[in-house]
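The values are calculated or read from the model by the stated rules, or taken from the named source; none is laboratory data. Predicted, not measured: the structure shown is a model, and the values here were computed from it. Here the Cβ is made from the backbone with ideal geometry for all residues, glycine too, and neighbour counts use every protein chain on show. For the accessible areas, the whole protein counts, side chains as well, though only heavy atoms, and no ligand, DNA or RNA atoms are used. Shrake-Rupley method; radii C 1.70, N 1.55, O 1.52, S 1.80 Å.
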Amino acid sequence: MKKILFVTSEVHPLIKTGGLADVSGSLPKALAELGEDIRIILPYYQAIKTNEAIYYKSTIRINDSEINILETQLPGTNVIVWLIDYPKFFKLPGNPYHDATGNAWANSAERFGLFCQAAVEIAMNRGYLDWKPDIVHCNDWQSGLVPALLSLELSRPTTLFTIHNLAYQGVFPKSANFILNLPTQLWESGGTEFHGMLSFLKSGLTYADRINTVSPTYALEIQTAKFGCGLEGLLSYRKDVLSGIINGIDTDHWNPETDPNITANFTYTSLNKKQLNKAALQTKTSLPISDKIPIFGLITRLVEQKGIDLVLNCLPDILKLPVQLVVLGSGNKEFEQQLIDLATANPDKMAVQIGYDEELAHLIEAGLDIFLMPSRYEPCGLNQMYSQLYGTIPLVSKVGGLADTVVDSLPDTLANNTATGIVFDGALAGTLIEAIKRALMLYNQPKAWKQIQINGMQKEFSWTQSAQQYIELYGQL
Ligand code: ADP
């Protein structure tokens, strides 16, 4: 059994803005179930929601400020969560990264700098908690100073840094060094400095003993200029300690056999009932009810990363085909308007809902025939996994976690029953429409189609499997 301190800026269900919270809620739970002694450290934001009791544990001093450490539990588990209580920074309306008016916190460097310094005190057993971890597992830029500061300590725990999204880097003016009272020896081009600025992410990537990201393919891609966000040089230099582990998904919440948000529950042995969800989705979105017309869909943030502009470019061609299309998403206002305009002009072929709607997302997954995910980059991605479990064929670009979790339908993979979707190469509109036509050809071969659905529905995407890979990685540290 290893002692692991898990450092993160958000944890579902306490506080969530995105995918990091899902990982930070699910992975420690799965690791604890496998017998690891894992404890989470998180800022005590005003927005944290929990019914669990919160206790005072101790007080530490950082840069002449007094910081309280509180203790609670991850709801529904025995995992201890230590909350870093510093009201001046965290007891304010807003979310971890933005104030109540939606602006990024002006003092983000101080907020997460202090959080990193508190994590180091706990990691070195100087937090009066009588517990010293073997491993400190850091996540994304908000924890990036932890490996840097620990590198200066004697008999320190080893460090793992997980990249969930390389695009967010936590880069601040040089003056942040003085405000945070950082040791001067860290400030060098091979250290915390990034083009004259202080980079939290680069600090983590430079000083961590191991680095991983959320899929093996993304781990390779980020070593190239196309995907590396300016850090490809450092990442390829550190390639011997860099690897990828696919995220799991919450299979209690995403299970077509028990999902309360869909019209008819089904399994791979009762796939005919999926049809009832398709009809319900068509009814709900005012599309003509037909079990013969294949229905495509997307649930996504409407941003370029997700290739939504590629879909828009070839939508005129798509709409000439015998298909229906459902889109649920929000984001870029121009993309939203273009989608609305196209749906208004083609009401019997296309339906668009702008907004975030968890319940509808489940019905869409259950009712679609084909899920589109033409992302430009995708560290891991979730919907391609949900789709497979719901008998919906994912049509994905060959990047990141999509390449690692979807098996293209080719003569050999169809023959050996491993095919689970359609994978296309290159994020170009031309290849997307070709892939869509390929999906239609397969759709018109009901026996092959059903086998692809069954192959996907039988795949294992649970957290237990991913947690076991993290335990192996911890073992190598
Ligand atoms: P990312 O974190 O880059 O947005 P992921 O595929 O990893 O992409 O996760 C996004 C999650 O958010 C998925 O579970 C997806 O279904 C959900 N989601 C995105 N947009 C919406 C929406 N408009 N309504 C409901 N769920 C959404």
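Listed values, structure above:
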quantity: Test result for Asp369, in contact (Cβ under 8 Å) with a residue 12 or more places away in the chain and not hydrophobic (A, V, I, L, M, F, W, C); calculated: yes
quantity: Qualifying residue in the range 26-43 (condition: crowded, with 20+ Cβ neighbours inside 10 Å, touching a residue at least 60 places away in the same chain (Cβ under 8 Å) and within 16 Å of the ligand (Cβ to nearest atom)); calculated: yes
quantity: Test: residue in the range 420-430 that is within 14 Å of Gln388 (Cβ to Cβ) and part of a helix (DSSP H, G or I); calculated: no
quantity: Residue count, the range 291-308 (criterion: touching a residue at least 12 places away in the same chain (Cβ under 8 Å) and more than 16 Å from the ligand (Cβ to nearest atom)); calculated: 4
quantity: Residue identified as among the basic types (Lys, Arg), at pLDDT 95 or above and either assigned to a helix (DSSP H, G or I) or within 22 Å of the chain's Cα centre (by Cα) (or both) among Lys57, Lys49, Lys29; calculated: Lys29
quantity: Filtered residues of the range 405-457 (kept if in contact with a strand residue (DSSP E or B) (Cβ under 8 Å, 6 or more places away or on another chain) and either aromatic (Phe, Trp, Tyr) or open to solvent by 80 Å² or more (accessible area, probe 1.4 Å) (or both)); calculated: Phe424, Asp425, Glu434, Tyr443, Trp449
quantity: Scope the range 10-26; condition out of contact with any Leu (no Cβ under 7 Å at 6 or more places or on another chain), in a loop (DSSP other than H, G, I, E, B) and under 13 Å from Tyr97 (Cα atoms); matching residues; calculated: Lys16, Thr17, Gly18
quantity: The lone exception for Lys88 - which of (1) within 21 Å of Ala21 (Cβ to Cβ); (2) at pLDDT 95 or above; (3) not in a strand (DSSP E or B) it fails; calculated: (1)
quantity: Residues located in the range 1-14, provided they are away from the ligand (no atom under 16 Å from the Cβ) and buried (at least 23 other Cβ atoms within 10 Å of the Cβ); calculated: Ile4, Leu5, Phe6, Val7, Leu14
quantity: Given (1) of a type in the set (S, T, N, Q); (2) out of contact with any helix residue (DSSP H, G or I) (no Cβ under 7 Å at 6 or more places or on another chain); (3) over 26 Å from Tyr474 (Cβ atoms), index of the condition Thr224 fails; calculated: (2)
quantity: Out of Asn139, Asn125, Asn177, Asn63, sole residue that is loosely packed, with under 15 Cβ neighbours inside 10 Å and in contact (Cβ under 8 Å) with a residue 12 or more places away in the chain; calculated: Asn63
quantity: Selection status of Thr285, without any contact (Cβ under 8 Å) to a residue 40 or more places away in the chain and either under 29 Å from the mean Cα position of the chain (by Cα) or away from the ligand (no atom under 16 Å from the Cβ) (or both); calculated: no
quantity: Checklist (1) in contact (Cβ under 8 Å) with a residue 12 or more places away in the chain; (2) farther than 14 Å from Ala119 by Cβ; (3) hydrophobic (A, V, I, L, M, F, W, C) applied to Leu149, failing item; calculated: (2)
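Matching residues to (1) within 27 Å of Leu186 (Cα to Cα); (2) open to solvent by less than 40 Å² (accessible area, probe 1.4 Å); (3) in contact with a Cys (Cβ under 6 Å, 6 or more places away or on another chain):
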| site | (1), (2), (3) |
| --- | --- |
| Tyr86 | yes, yes, no |
| His98 | no, no, no |
| Phe112 | yes, yes, no |
| Ala118 | yes, yes, no |
| Ile135 | yes, yes, no |
| Leu145 | yes, yes, yes |
